[in-house]
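Nothing in this text is a laboratory measurement; each read-out follows from the coordinates by a stated rule. Remember, it's a predicted structure, so these values are computed and weren't measured experimentally. Neighbour counts are summed over all protein chains in view; Cβ atoms, including those assigned to glycine, are modelled from backbone coordinates with ideal geometry.
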Amino acid sequence: MKKDKVITILTILVILAIAFLALNKPKVNTPEGIIQCIGKESKLYVQDGCPHCRNQENLFGENLDDLNLISCSDDWTKCQNIKATPSWEINNEVIIGIQSIEKLQELTGC
């Protein structure tokens, strides 16, 4: 009888632990989580007065601050390998032009 009680209690504890871990897992699948992941895995190069850069930035809305944004207008030395803006640097590869969030998610593995 005592053995059954111990097994039941251990089973309940395991279930609670699994539920706790599942609920506290980082939410990468949320739009905010995906954008934060993209920001960690890439760099976005832009410059002032670039309408395509503004369009790219607008795709991220309020989450723009989560990106690793580099303004070539402020410091051109950081943009010496950039031929046009907007450009993304992902895994040491430069991708020129506006990219969808879905494409960036694919390229970054987010």
| request: Give the long-range amide H neighbours of ILE70: residues separated by 5 or more places, or on another chain, with amide H under 5 Å away, using H modelled in the peptide plane at 1.01 Å from N. | output: LEU44, TYR45, VAL46
| request: Excluding PRO86 itself, calculate the net charge of residues whose Cβ lies under 10 Å from the Cβ of PRO86, where each Lys or Arg counts +1 and each Asp or Glu counts -1. | output: 0
| task | Can you figure out the FRET efficiency of ASP75 with SER100, using R₀ = 35 Å and their beta-carbon distance, to the nearest 0.05? | result | 0.80
| task | Run through every distinct alpha carbon pair of the range 28-108 and return the Kirkwood hydrodynamic radius in angstroms, one decimal place. | result | 12.6 Å
| the range 26-110 - percent relative contact order, Cα under 8 Å, separation 6 or more | 36 percent
